[in-house]
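What follows is one structure encoded as structure tokens, with my remarks underneath.
Quick note: the coordinates plus some simple rules give every number you see, no bench work behind them. These numbers were taken from a predicted model, which means no experiment stands behind them. As a convention, Cβ positions derive from the backbone with ideal geometry for all residues, glycine included, and neighbour counts pool all protein chains shown.
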Amino acid sequence: MKNRLWTFCRIAVGVIVLITFTPLVTPPGIKEPFFMGMPYTLWLGITITLLIVALTWLGTMVHPGNKD
């Protein structure tokens, strides 16, 4: 089970990093929509950062070299 979660973490972080640099996340010249006064790119960047932090934490728990 730990090996599957470890593989999931590695693949998920890789996909998130690749998606971050596409026009989906950083569209040129787009400020709308706003969420809590923050433009689209900012709040989506914060969300992506939180996802990567959560995956990093999970990765430290399920890393194959981790001693229980």
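Worth a mention:
- Label-point separation, THR41 to VAL15 (7 Å along Cα→Cβ), nm: 2.5
- Sequentially through the stretch 17-28, phi angles give Karplus couplings (6.51, -1.76, 1.60; θ = phi - 60°) of 4, 5, 5, 4, 9, 9, x, 4, 9, 10, x, x Hz, Gly and Pro residues having no value and appearing as x.
- The stretch 2-62 - percent relative contact order, Cα under 8 Å, separation 6 or more: 47
- Hz values of 3J(HN,Hα) by residue in the stretch 33-50 - Karplus curve (6.51, -1.76, 1.60), Gly and Pro given as x: x, 9, 9, 6, x, 10, x, 3, 4, 5, 6, 6, x, 5, 4, 5, 4, 5
- Anisotropy class of the chain from Cα gyration tensor, a/c 1.5 cut: prolate
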